[in-house]
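Chemist: Sharing a structure here in structure tokens format.
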């Protein structure tokens with residue numbers, strides 16, 4: 001069997017197991033990417049979630065000796081939800097981004113890649129392969145771009161002609177030499193809608209992201225959210241879709257190819273108030289299968305508190321007061337103080353005054369003082 005014939009068999013098998021798109025790239029070092037990553041680090045744009053070793057991120061042979069080919073795969077996910085519950089006064093809801101709808105995509109793509117690895121091992125005994133999804137060393141986007149899956153867009157996503165940017169990416173490094181595909185030309189042109197629409201200005205310019213300002217990153221942090229981002233967070237509990245929803249290439253794109261990615265409306269647009277008292281066990285049972293749960297309940301609860309403050313939801317005051325006065329976590333107490341300061345009912349102010357007398361954490365006490373000062377000024 002020639003390498004071209006093997007490639008065609010791999011493509012056919014990938015379709016049989018539900019992979020929406022597959023591409024092939026050489027395993028040569030990503031030299032241009034390495035230069036970009038060095039500048040990215042020097043500018044302080046890293047999130048801290050990345051693989052710190054830039055050589056591993058850009059030299060596939062460090063991950064698999066004698067690597068010759070990288071196979072990139074893409075699975076499409078839905079952009080629209082049926083019967084989405086409405087957020088309204090007295091019943092406010094938060095939202096998980098589309099990349100956290102359904103079952104955690106890491107597991108789904110890893111299962112597909114494992115099937116692909118087994119198929120290749122059967123066809124070429126002795127071939128070695130290693131796969132990764134998102135949390136691996138390689139840049140999924142750089143691999144997908146080289147493999148012709150799509151072009152690297154100004155919103156730092158891969159845009160495929162078929163599915164827009166609503167795709168999950170994964171890759172397999174293998175010792176088999178297979179004919180590479182041709183990368184697609186950048187088709188963003190003069191469009192700058194994603195850069196202009198980014199709520200925090202995290203898209204510095206087309207294709208460059210300051211991760212520390214990105215709402216998708218900020219929703220995953222566990223510390224006090226910097227003040228300048230709280231109102232911009234809105235009711236987002238995990239992730240942000242703005243730079244995708246404004247993209248003209250995504251207009252009309254909505255694919256429901258995989259049952260695993262179908263959202264449970266009550267889980268991806270959950271009521272905010274119940275989240276404030278949810279136990280670790282309840283959180284794991286309800287949200288544990290979703291990608292957005294990986295940092296645990298604390299960031300989600302903090303973001304829910306911010307969302308209630310954003311909505312100025314008066315019905316939340318008693319529960320926010322409970323957090324302010326009784327929660328053992330300073331970040332949650334301080335965030336509750338901020339939210340009560342946004343709501344500013346007489347009950348909210350009274351609770352802040354109680355908190356002021358009890359609070360011992362310096363940062364939380366500062367939040368209480370600032371919340372009370374906002375009341376005095378208003």
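Laboratory data are not the source of any read-out in this text; all were calculated from the coordinates shown. Being a predicted model, the structure only gives us computed values, none of them experimental. Cβ coordinates were reconstructed from backbone atoms using ideal geometry, including for glycine residues, and neighbour counts include every protein chain displayed.
Chemist: Please report Rg over Rh for region 108-202, where both radii come from the alpha carbon positions and Rh follows the Kirkwood definition.
Modeler: Rounded to two decimals, Rg/Rh equals 1.05.
Chemist: Helix-derived [θ] at 222 nm for the chain: sum -39500 (n - 2.57) over DSSP H runs of at least 4, divide by residue count, nearest 500?
Modeler: -12500 deg cm²/dmol
Chemist: For the Cα atoms of the chain, what angle does the longest principal axis make with the long axis of helix 330-343, in degrees from 0 to 90, nearest 10?
Modeler: Between helix and principal axis, roughly 60 degrees.
Chemist: Using the alpha carbons of region 161-249, what is the convex hull volume per residue in cubic angstrom, as a whole number?
Modeler: Here the figure is 147 Å³ per residue.
Chemist: Right, another one. Sorting 305, 173, 124 on the 10 Å Cβ count, fewest up front, what's the list?
Modeler: 124, 173, 305
Chemist: In what order do 73, 176, 158 fall by count of nearby beta-carbon atoms within 10 Å, going from fewest to most?
Modeler: The most exposed by this proxy come first: 176, 158, 73.
Chemist: Also: Just to be sure I follow: if Rg is taken over the C-alpha atoms of region 1-138 and Rh is the Kirkwood radius over the same atoms, what is Rg/Rh?
Modeler: 1.07
Chemist: Express in whole angstrom the spacing between the alpha-carbon centres of region 37-98 and region 202-224.
Modeler: Measuring centre to centre over Cα atoms gives 12 Å.
Chemist: Then there is this: Using Cβ counts within 10 Å as a stand-in for footprinting exposure, how do 224, 1 rank, fewest first?
Modeler: 1, 224
Chemist: When only alpha-carbon atoms count, how far does region 309-362 stretch along each of its three principal axes, as whole angstroms with the largest first?
Modeler: 27, 18, 16
Chemist: Roughly how far apart, in whole Å, are the Cα centres of region 293-313 and region 131-179?
Modeler: 32
Chemist: At a 10 angstrom cut-off on C-beta neighbours, averaged per residue, how do the peptides 213-219, 76-82 rank from highest to lowest?
Modeler: Taking the mean over residues of other Cβ atoms within 10 Å, the ranking is 213-219, 76-82.
Chemist: Over all pairs of distinct alpha carbons, what does the Kirkwood formula give as the hydrodynamic radius of region 150-201, in Å?
Modeler: Result for region 150-201, one decimal place: 13.3 Å.
Chemist: A follow-up question, please. Can you give me the convex hull volume of the Cα atoms of region 27-75, divided per residue and expressed in Å³?
Modeler: Dividing the Cα hull volume of region 27-75 by its residues yields 99 Å³.
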